[in-house]
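The values are calculated or read from the model by the stated rules, or taken from the named source; none is laboratory data. Since we're looking at a predicted model, the values are computed, not measured. Every residue, glycine as well, gets a Cβ built from its backbone with ideal geometry; the counts of neighbours run over all protein chains shown.
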Amino acid sequence: MISNLRYWFLLLLIFLIYVAGMFVTLFENDSAQFSVMAMRMVQENDFFSLFKGPEEYLDKPHMHYWLAAISYKIFGLHDWAYRIPGILSTLLAAYSCYGLGSLLYNKHVGKIAALVFMTAQTIVLGAIDVRTDAVLTGFSVLAIWQITKYIEKGSVLAIGVGAFAAGIAFSTKGQIALLVIGLPILCHLLYTRKWKAFLSWKVIVALFVFGITISPMLYAYYLQFDLHPEKVIRGKDNRSGIFFIFWEQSFERLSGEGIGKNSSDFFFFFHTFLWVFIPWTILGITAFWVKTKQFVKLKFKYYPGYEFLTIGGITLIFAIISFAQFKLPHYLNITIPLFAVLTASYLYNLYNSDKTKAVKILMIGQYFILGVVFIASALICFFVFKLNSLVAYSSLLVAAIIIGFYALKQEAEYAKLITISVCASILLNAVLNLHFYPNLLEYQGGSSMAKVISEKNIPVERIYKVGKDYSWSLDFYNQYPVQMVTPEFLKDKKDIWVYVNDDELKMLQDNGFDWDSQISVNQFRITRLQGKFMNPTTRNKVTRKMHLVHIN
């Protein structure tokens, strides 16, 4: 469909985009929070206890934090070190997409599936704003690929690797891992009727491998919670970590109990998908629609050359997670490998069946997406945050020339369809990683204040914070958690620094505190962008300040 030279050239450009994102300042809340949790493990040499600030953490298992802590041990406490496990997991997921696509279809589909996966917007973002989903996605799709390989070929190695991968995924985010692995496998079994594959001693081996893999996580939960029934977690005592991860976690997620509710909109993930799968959204939706019609027409009867794993898995996962009362866009990351294989198979079918008319129609849609990306990139570079260097202008011009060359080049429509889509992703994320995020993060109070603290050699152990809001980026870049205290605690202290927002600053003043030095930085919740912030003329109306005052 596309030459090997172009394929590897595009993959190289994508990888460079990922590398550029490694050095962006950590985002609040989750990335910075998780990085601090892993940092605490290293600093206190306690790898069995999870803490969110001063509170014991019973929500997600340990694997993500362990991997980050290992990276810190090897490379030091750096933001790019925190991102390494997430990026490696993303590369593992891309290779697994290649393997799954090759297994279900052929190597051409596998290659395109890896390309689609690595350029999907939510995956590129997930390698920068690293949360637990990068590790979850990587090992979940590896498990799906290997267990499917076992079903088809009976390989004991495959089911062993699949069980290990499932164990790592479960140790990363709990029961959702078994759900996203099990549902596609179940759909594959329902369609192929190869149930006998699980009537084998090899399954016993797999269960043993899975049990061994999750045992460190279970032991850590046992030490922190089961041995201490007196601990009160989210208003309850007698909390068993093992019971929680095997039973309570998913029900709390679905009901919103404990972690709260943020959306009862059943269609949240349906309209969120429109941007998370950019630039492949139109192709992905078309592929899903065409494949669904095919299965309905065939009355879901089994035919060689067809597979129900991807479309069935996507449908069931969407249906189940849509009932959750707590929803975030990155929850869809676990479906992107399935969408990547499904979309790649549809593209290959267009190529193999020589459906030129359909390709030309889809090309219009991809040109539209490319146009939107160009407009968005231009607005970011010349309006939201203006470019201010010759190198930046030159880089943007080179990118425009490359994309223009491929857009105007006379070649097969199939190759152009894929190339234009990938170029749209590369352009957008090059602008985001190299220009937009670095400028945006100047408005993240914690990390900005940490730079000032470092420049002025302010002793981090003498910095306190009043109020209940955390500042994870300040904690991480100080490499020392800010001590959260009450105003009463500060009254007897001298020669200290207090980190406060506007309201807390006024509260200190009302309580009779006086200070001889004040440092102020901009503050905006950067993960909740709005039009007034994006418009430079109204940005100050929604931007607050964070202050560091010296009380002697």
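Set side by side, the residues A399, A412, A407 differ, and just one is among the aliphatic types (A, V, I, L, M), at negative phi, at pLDDT below 90 and surrounded by 17 or more Cβ atoms within 10 Å (Cβ to Cβ), which is A399. Restricting Y470, Y480, Y499, Y443 to those that are of a type in the set (F, W, Y), modelled with pLDDT under 90 and surrounded by 14 or more Cβ atoms within 10 Å (Cβ to Cβ) reduces the list to Y470. Only one of the numbered conditions (1) in a helix (DSSP H, G or I); (2) out of contact with any Gly (no Cβ under 6 Å at 6 or more places or on another chain); (3) touching a residue at least 60 places away in the same chain (Cβ under 8 Å) is not met by S473, and that is (2). Do we have L508 as in contact with a Pro (Cβ under 9 Å, 6 or more places away or on another chain), surrounded by 15 or more Cβ atoms within 10 Å (Cβ to Cβ), outside any loop (DSSP other than H, G, I, E, B) and at pLDDT below 95 here? Yes, satisfied. Report whether or not T310 is under 21 Å from L100 (Cα atoms), of a type outside the set (A, V, I, L, M), buried (at least 22 other Cβ atoms within 10 Å of the Cβ) and under 18 Å from the mean Cα position of the chain (by Cα). Considered against the rule, which asks whether it is under 21 Å from L100 (Cα atoms), of a type outside the set (A, V, I, L, M), buried (at least 22 other Cβ atoms within 10 Å of the Cβ) and under 18 Å from the mean Cα position of the chain (by Cα), T310 comes out as no. Out of the residues in the stretch 229-249 that are under 18 Å from L50 (Cα atoms) and surrounded by fewer than 14 Cβ atoms within 10 Å (Cβ to Cβ), which is nearest to the chain's Cα centre (by Cα)? Per the stated criteria, the residue is R234. Look through the stretch 40-65, keep the residues that are surrounded by 22 or more Cβ atoms within 10 Å (Cβ to Cβ) and among the hydrophobic types (A, V, I, L, M, F, W, C), and return whichever of them is farthest from S215 (Cα to Cα). The extreme case among them is M41. Per the conditions (1) under 14 Å from M546 (Cα atoms); (2) free of Cβ contacts under 8 Å to residues at least 40 places away in the same chain, the sole criterion not satisfied by R462 is (1). Return the only residue of K327, K301 being of a type in the set (D, E, K, R) and either more than 26 Å from the chain's Cα centre (by Cα) or at pLDDT 95 or above (or both). The conditions single out K301. Of the residues making up the stretch 148-185, those that are part of a helix (DSSP H, G or I) and free of Cβ contacts under 8 Å to residues at least 40 places away in the same chain are K153, L157, A158, V161, A165, A169, L178, G182.
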